[in-house]
1. Take region B:5-50 and flag every residue that is more than 17 Å from B:N247 (Cα to Cα), in contact with a strand residue (DSSP E or B) (Cβ under 8 Å, 6 or more places away or on another chain) and open to solvent by 60 Å² or more (accessible area, probe 1.4 Å).
2. Do we find that A:T70 is surrounded by fewer than 16 Cβ atoms within 10 Å (Cβ to Cβ), among the β-branched types (V, I, T) and more than 23 Å from A:A325 (Cα to Cα) in this structure?
3. Out of all the residues in region B:314-323, is one or more of a type in the set (S, T, Y), open to solvent by 20 Å² or more (accessible area, probe 1.4 Å) and either at pLDDT below 85 or in a helix (DSSP H, G or I) (or both)?
4. Sort out for me the strands (runs of 3 or more DSSP E) sitting completely within region A:165-280 that have 2 or more residues that are surrounded by 23 or more Cβ atoms within 10 Å (Cβ to Cβ) and away from chain B (no Cβ under 11 Å).
5. Given (1) in contact (Cβ under 8 Å) with a residue 24 or more places away in the chain; (2) part of a helix (DSSP H, G or I), where does A:Q385 come up short, assuming only one miss?
6. Return yes when B:P120 is over 30 Å from B:I263 (Cβ atoms) and open to solvent by less than 40 Å² (accessible area, probe 1.4 Å) and no when it is not.
7. Of the conditions (1) open to solvent by less than 50 Å² (accessible area, probe 1.4 Å); (2) more than 12 Å from every other protein chain (Cβ to nearest Cβ), B:E104 fails just one. Which one is it?
Protein chains: 2
Amino acid sequence: MTDFQIEIVPELTIPPFLVGEVKSKLAYLDEHIRQGEVAPAGDRILLVLDLEPDPALRSSLESKVQRVVTALVKGAFKPKVQVLEDCLDRPVTYGRDPLPELLERGEVSQEANGVFAMGPLLSRLINYFEGRFLGLADSFAARPYRFPTLIPARYMDRVNYFSAFPHSLSFATHLRTDLDVIDEFASHATCGEHGLSTPMESFSQIEMMLSPAVCYHLYFALADKTLPGGQVVATAVGNCFRFESSNLASLERLWNFTMREVIFVGAKDFVMQNRETARQRMKDTFQEIGLAYKVESANDPFFIGEFRKQAAFQSAFQLKYEIRARLPFKDSTLAVGSYNYHQDFFGRRLNISLPDGSPAHTGCVAFGLERIAFAFLAQFGLDPQGWPAAVRQAMNPEES
Amino acid sequence: MTDFQIEIVPELTIPPFLVGEVKSKLAYLDEHIRQGEVAPAGDRILLVLDLEPDPALRSSLESKVQRVVTALVKGAFKPKVQVLEDCLDRPVTYGRDPLPELLERGEVSQEANGVFAMGPLLSRLINYFEGRFLGLADSFAARPYRFPTLIPARYMDRVNYFSAFPHSLSFATHLRTDLDVIDEFASHATCGEHGLSTPMESFSQIEMMLSPAVCYHLYFALADKTLPGGQVVATAVGNCFRFESSNLASLERLWNFTMREVIFVGAKDFVMQNRETARQRMKDTFQEIGLAYKVESANDPFFIGEFRKQAAFQSAFQLKYEIRARLPFKDSTLAVGSYNYHQDFFGRRLNISLPDGSPAHTGCVAFGLERIAFAFLAQFGLDPQGWPAAVRQAMNPEES
């Protein structure tokens, strides 16, 4: 396949703290973009295309790039990053990218971009981390819930998800319930390089989406009611979906991943205090595990229209702290979890009331299971003999 | 909402053993069908519609019904049902439908047709059953795997799923990666009674589906290779999806459910023997649990075009045995699991070779977690004090 490149000079220079943000959005501008890069100086953007652009495409790409850059950069100010924990210099023993070896050993197989099956090594390691997260949940006597992977589109609409994260939404559908449509599909559907040959009008109007997070299900289960006892601590693990287009990469950024959450619903102090207690308890756990990481303030990956306002808001009110594990092989970090506080956003939106009639506050602690396992392997390698003792011993109970 | 009904006399009388099969297919004939019934004598079909049918719709429905009935009935013969275990008369203590009380207590909440969130009671009960199924997996030293919920459409095409089960397929998509499409959605998408207002051409051509079963992922991970050591026993739990249109009902028939599988890949005898050993071991487990159930030969819910041939084939070769738990409140049974043998279908299709070069045989034991928990509650009620001792004690370890 031949690549074609074009370079665009943004009208506003992109400040260093927004270079990553702009780059991640380039993947969503046009279906012909295979890759987008921003020069470190923020003064040039390179797009790799799947065809030679004609003047119309060139001009459309130029205009889309300028729209995105202007929306993100104009009036933006650098968020003050607050670092709560810095254990990045904890000793690690591995320096390579674990993915090639995992693929070679058959411990991981790639089904599609951002979609992987995992074998015994990763499955056992993830079970170990799940055990630790369940230990955290138990320390709060969290009540277990089981949530579906599908979530009604009207739920997501009701919590403003459409405008905040339209780019990463995943939708579910089925064939129209019509014998002619189903027969035609059964007899003639084929799957080529770009997907199914089936015309989109054979599919039913979309009513369901794939959950982007676990905790929404709980808030909807509690909606339009007074919170029994005034507070809830719940825990659940679930399949989550964030479509990241050409940003999907390795095990670091999956379309389809698994998240364990511990969720707090109640008065403001209850939520804030529990979020802090959870962080302190996980600090001890990460020390035992030997993970090199930091915890710092962050924001969600809002889409272009909402980014500047929402990200600044999250940052100013310290609503989100990310656990970022070190990836030695690329001298970088990967978000493997977060401590979140949503104020009374869901309480107001969904009418979750406290006994005194005021809207409930919510917060959650969330861990990405595939990501933490990947970061762990990136720090300690694939041989369990080289793993920190706490992990090695828990996974081999016979070993002394 | 007003209902309109029409009655159709099938050209061929439907024999009793096909009444349920024909009824289940009526839901897929036309989008205006809200419910379909077959008279027990098999000589009349009643369709409930969401509008008053004009002559064109009447004639189209008549012709679709005749197509379905003829395809299923013509030349069909009654399969000989082989019963391997019959413990239906085991004493149970409950006789009501558990769903209304689960909903009333907030232990279950319905998000959409066939999509439910579950609270602590069901979550703990499902964890208990998961523990038992994991015990079965451990007894075979099964290797743990983790599979995604998404599965490439081309995978499903390669194993003939499009023609066998087109009606129940679920598809995943995302917005086209085009700034204009995403902006338009972010600003204007709304969700009405029939789903999203968004036109289908805003969505990307479909490349991914939602897994209908767990074991396919393993077969694809082993595809085009020689099986290391000549045999594999694996286990995984996963989200599975079967769209059942208006057949979706209660917790018995979910669009989105969870399946635990133990999977055998190897020579014919290895697979057949392990399937039988698994059944014997589960027989003891079900006795301890106190479940009233039977195990009998069955077939998969193939679509109309494939049904007669495939179902007869599965039945003749004893490829599928279902575990059917008693539902006392409706004097009926519910499939809560199955023992399956696929001969060398996947081995041939996907080039999974044994060391001697012949195609591998495969089989799996599968349990529907929500279904077995629902059947258990239907037999023993919502109060753990009334549950069989093995379950009650495992869930309350303090209790003597």
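The values are calculated or read from the model by the stated rules, or taken from the named source; none is laboratory data. On a predicted model such as this, the values are computed, not experimentally measured, just so you know. Don't worry about glycine lacking a Cβ; one is built from the backbone with ideal geometry, like all the others, and counts go over all protein chains shown. Ligands, DNA and RNA are excluded from the accessible area calculation, which covers all protein heavy atoms including side chains. Shrake-Rupley method; radii C 1.70, N 1.55, O 1.52, S 1.80 Å.
1. Once the filter is applied, which keeps residues that are more than 17 Å from B:N247 (Cα to Cα), in contact with a strand residue (DSSP E or B) (Cβ under 8 Å, 6 or more places away or on another chain) and open to solvent by 60 Å² or more (accessible area, probe 1.4 Å), region B:5-50 yields B:Q5, B:E7, B:V9, B:R44.
2. Yes; evaluated as a whole, the condition is true for this residue.
3. Filtering region B:314-323 down to residues of a type in the set (S, T, Y) leaves B:315, B:321.
Adding the requirement that they be open to solvent by 20 Å² or more (accessible area, probe 1.4 Å) leaves B:315.
Retained after the next criterion (residues that are either at pLDDT below 85 or in a helix (DSSP H, G or I) (or both)): B:315.
Checked against the condition, which is being of a type in the set (S, T, Y), open to solvent by 20 Å² or more (accessible area, probe 1.4 Å) and either at pLDDT below 85 or in a helix (DSSP H, G or I) (or both), region B:314-323 yields at least one hit.
4. A:256-266
5. With (1) in contact (Cβ under 8 Å) with a residue 24 or more places away in the chain; (2) part of a helix (DSSP H, G or I) applied to A:Q385, the lone miss is (1).
6. Yes: the conditions hold for B:P120.
7. Unmet for B:E104, out of (1) open to solvent by less than 50 Å² (accessible area, probe 1.4 Å); (2) more than 12 Å from every other protein chain (Cβ to nearest Cβ): (1).
Conditions (1) open to solvent by 40 Å² or more (accessible area, probe 1.4 Å); (2) over 23 Å from A:D269 (Cα atoms), marked per residue:
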{"position": "A:F303", "(1), (2)": "no, yes"}
{"position": "A:N340", "(1), (2)": "no, no"}
{"position": "A:Q343", "(1), (2)": "yes, no"}
{"position": "A:D356", "(1), (2)": "yes, no"}
{"position": "A:T362", "(1), (2)": "no, no"}
